[in-house]
Amino acid sequence: MQFFSHIKRRMFMLAGLSLVAVAVGATPAAPQASVEYQVLKRPQPVDAGKKIEVIEFFGYFCPHCYALEPLLAEWVKKQGDNISFKRIHVNFHDLVPQQKLYFTLEAMGKADEYHIKAFQAFHVDHNRLQTDAEVMEFVSKSGLDKHKFSEVYNSFTITTSKLSRAAQLSNAYQIDGVPSIAIDGRYVTSPVMAVASMSRVTEDMQNRAAIQVLDFMIAKIQKERNAPAAPAATPATASAASAKAPAKKK
């Protein structure tokens, strides 16, 4: 099928880039806006309280998302209460059953346990999860409660609300490739962006560079939030400043 051919082409291109690495530990030294990350022209509202919102846009069909997952999961765990982490399964190639699969796992509180298993079903077991029947085959083999899963999978919350919200966020963050990661409603990066200033890198280097960019962004945002606010000018201060200002020549 066309989208599988597209995936294979991307994998061959990545393999070509992987032939020679500039250095084993190469990473972006100082991430720059419009290079290793993008700044959104229209910041998006976040609902994370004092935490920093981080959203991963991904797809089970994506081999690069699968490759990134272990590093990203480890990073999220290390961040702890610093961040509020969310995932959005995109609707590329019209693979709605895969979207519904993730959002159902999330709604059931099973995403942490079964997320990697869904990736493995696609990339290892060759279950393409393209139809409801293929999704239910995965559910049966994974040991999930099939009846409960089916109820949630076919609910209005999943079939309408979650899918609609995913489309809205993908458009708002201008997501045209996965994996992509949004930070604090203002920034977007990805493994490809993270090595934009480097050449001939492996996929592992791309992914580790993305983690370094995420660390940089979290530290940058925390520094901004912790910076003392500039004191507001009082009427007395303003009057004193006005008295000291030199008179303009007429």
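The values are calculated or read from the model by the stated rules, or taken from the named source; none is laboratory data. Values in this document were obtained by computation on a predicted structure and should not be read as measured data. Cβ: placed from backbone, ideal geometry, glycine included. Neighbour counts: every protein chain shown. We work out accessible area using only protein heavy atoms, side chains counted, and drop any ligands, DNA or RNA first. Shrake-Rupley method; radii C 1.70, N 1.55, O 1.52, S 1.80 Å.
Dipole size in debye (nearest 20) for region 80-178 around its Cα centre, Lys and Arg Cβ +1, Asp and Glu Cβ -1? Before the final figure, lay out each step's value.
Details: 11 positive and 12 negative charges, 22 e Å.
In debye, rounded to 20, region 80-178 gives about 100.
Rounded to the nearest Å, what's the spacing between the alpha carbon centres of region 161-222 and region 104-136? Just the number, please.
About 23 Å separates the Cα centre of region 161-222 from the one of region 104-136.
How far, in nm, would the chain grow between residue 159 and residue 84 when pulled straight, counting 0.36 nm per residue and subtracting the alpha carbon separation?
On the way: separation 75, 0.36 × 75 = 27.00 nm, distance 2.44 nm.
That pair, residue 159 and residue 84, stretches by 24.6 nm at full extension.
Under a plain spin-label model, where a point goes 7 Å from the Cα along Cα-to-Cβ, how far apart in nm are residue 172 and residue 30?
3.3 nm
For 164, 180, what's the largest-to-smallest order of accessible area, 1.4 Å probe? If you can, show how the numbers build up before the last one.
Numbers: 164 55, 180 10 Å².
Heavy-atom accessible area, descending, gives 164, 180.
Would you work out which of 171, 154, 28 lies farthest towards the positive end of the dipole of region 17-171? Charges go on Cβ: Lys and Arg +1, Asp and Glu -1.
171
How do 79-92, 49-62, 28-41 rank on mean C-beta neighbours within 10 Å, highest first?
On the way: 79-92: 17.9, 49-62: 20.4, 28-41: 14.5.
Averaged packing, sorted descending, gives the order 49-62, 79-92, 28-41.
On a 1.4 Å probe surface of the protein chains, which of 215, 176 comes out largest in accessible area, and what is the full order? Intermediate values should be presented prior to the final figure.
Details: 215 70, 176 145 Å².
Final ranking, largest accessible area leading: 176, 215.
Given a Förster distance of 45 angstrom, what is the FRET efficiency for residue 146 paired with residue 223, based on the Cβ-Cβ distance and rounded to 0.05? Let's see the in-between values first.
Working: r = 48 Å, r/R0 = 1.08.
For residue 146 and residue 223, the calculated efficiency is 0.40.
For residue 120 and residue 44, what is the calculated FRET efficiency with R₀ set at 35 Å and r taken between the beta-carbons, to the nearest 0.05? All intermediate terms of the calculation are to be shown ahead of the outcome.
Working: r = 32 Å, r/R0 = 0.91.
Approximately 0.65, to the nearest 0.05.
At q = 0.11 Å⁻¹, what log₁₀ I(q)/I(0) does a Debye calculation on the Cα points of region 109-225 give, no solvent, two decimals?
Values returned for q = 0.11 Å⁻¹ are -0.56.
Once you wrap a convex hull around the alpha carbon atoms of region 127-187, what is its projected area averaged over all directions, in nm²? Intermediate results must be reported in sequence, preceding the final value.
On the way: hull surface 22.4 nm².
That works out to 5.6 nm², a quarter of the Cα hull's surface.
Carbon and sulfur atoms: what percent of the 1.4 Å accessible area of region 128-241 do they account for? Each step should come with its number before you reach the end.
Numbers: 3270 of 6030 Å².
Carbon-and-sulfur percentage of accessible area, whole number: 54.
When 1/r is averaged over all different Cα pairs and the result inverted, which Kirkwood radius in Å belongs to region 18-119?
Numbers: mean 1/r = 0.0622 Å⁻¹.
After inverting the mean inverse Cα-Cα distance, the result is 16.1 Å.
What are the extents of the Cα atoms of region 71-169 along their three principal axes, listed from largest to smallest and rounded to whole Å?
Principal axes ranked by extent give 39, 30, 27 Å for the Cα atoms.
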